[in-house]
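Okay, so here's the structure we're looking at.
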Amino acid sequence: MADRKAINKYYPPDYDPSKGGLNKAQGSHVLRKRARKLDQGILVIRSAILFSASRFNAEKKRVGSYYTTPVWSFRMKCPSCSQWFEIHTDPKNSEYIVVSGARKRAEVPEEQEEQEERKARDKERREVNSFARAEYEEEEKRRKREAEKRIAELQQVSDTHWEDPFEKNQRARHLFRQGRALRDEESKKDSRIQDRYSLSIPLLAPCAEDEEKAKLTAFQGKFILL
């Protein structure tokens with residue numbers, strides 16, 4: 001009998017179906033203790049958003065929106081010190097924001113940490129080794145010369161292409177006007193096909209591969225396209 005009560009299949013003799021469901025008759029909620037603060041817009045959940053293999057009884061509540069994406073608040077108690085802390089989701093930056101009771105831990109990516117350690121070792125080696133310092137300075141000069149050369153090449157290409165901005169703009173507008181009539185005709189043709197077959201998807205331009213596949217398609221029966 002206890003097992004049947006646990007899965008909500010036991011109906012007591014005084015149960016009256018006309019007064020509502022079984023949970024309403026017993027004065028309980030289908031979510032049990034998780035819904036004890038539901039009147040405040042808070043739902044207690046098992047949250048695993050912070051650390052791998054760590055779960056918390058968190059009070060989840062919607063506190064705002066970023067465009068159409070909800071911003072959720074998670075309020076939970078630290079298992080080590082019984083201190084309450086609260087975090088919010090940040091849909092804009094795809095991360096979490098610590099609001100109160102805690103401090104965000106700054107984690108450095110492993111690759112970045114290795115690069116910082118290598119730079120520190122190289123700097124220490126240059127401070128005690130004159131040859132290493134001379135090699136480093138020569139390498140920096142070489143990189144600077146290559147960068148200046150590349151910048152000069154890019155500047156030359158830019159000057160060549162945009163020597164006369166008015167002429168470039170005039171040519172672009174001329175090419176656009178030439179293809180506008182063709183684009184308008186294709187758009188009208190696509191609209192007629194979409195209306196005929198009740199299509200709401202955009203139509204792509206036909207290609208030779210589509211024509212070959214269509215020729216290889218065999219239909220059973222006779223079809224007449226209007």
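The values are calculated or read from the model by the stated rules, or taken from the named source; none is laboratory data. The model shown is predicted, which means the values in this text are computed figures rather than measured ones. Every residue, glycine as well, gets a Cβ built from its backbone with ideal geometry; the counts of neighbours run over all protein chains shown.
Give me the residue from the range 91-104 that is within 23 Å of the chain's Cα centre (by Cα) and either assigned to a loop (DSSP other than H, G, I, E, B) or free of Cβ contacts under 8 Å to residues at least 24 places away in the same chain (or both) and, out of that set, surrounded by the most Cβ atoms within 10 Å (Cβ to Cβ).
The qualifying residue surrounded by the most Cβ atoms within 10 Å (Cβ to Cβ) is PRO91.
What about GLU186, is it surrounded by 10 or more Cβ atoms within 10 Å (Cβ to Cβ) and modelled with pLDDT of 85 or more?
Considered against the rule, which asks whether it is surrounded by 10 or more Cβ atoms within 10 Å (Cβ to Cβ) and modelled with pLDDT of 85 or more, GLU186 comes out as yes.
Look through ALA181, ALA205 and report the one residue that is exposed (fewer than 10 other Cβ atoms within 10 Å of the Cβ) and touching a residue at least 12 places away in the same chain (Cβ under 8 Å). Don't jump to the end; show me each part of the working.
Numbers: ALA181 fails: touching a residue at least 12 places away in the same chain (Cβ under 8 Å).
Answer to the check: ALA205.
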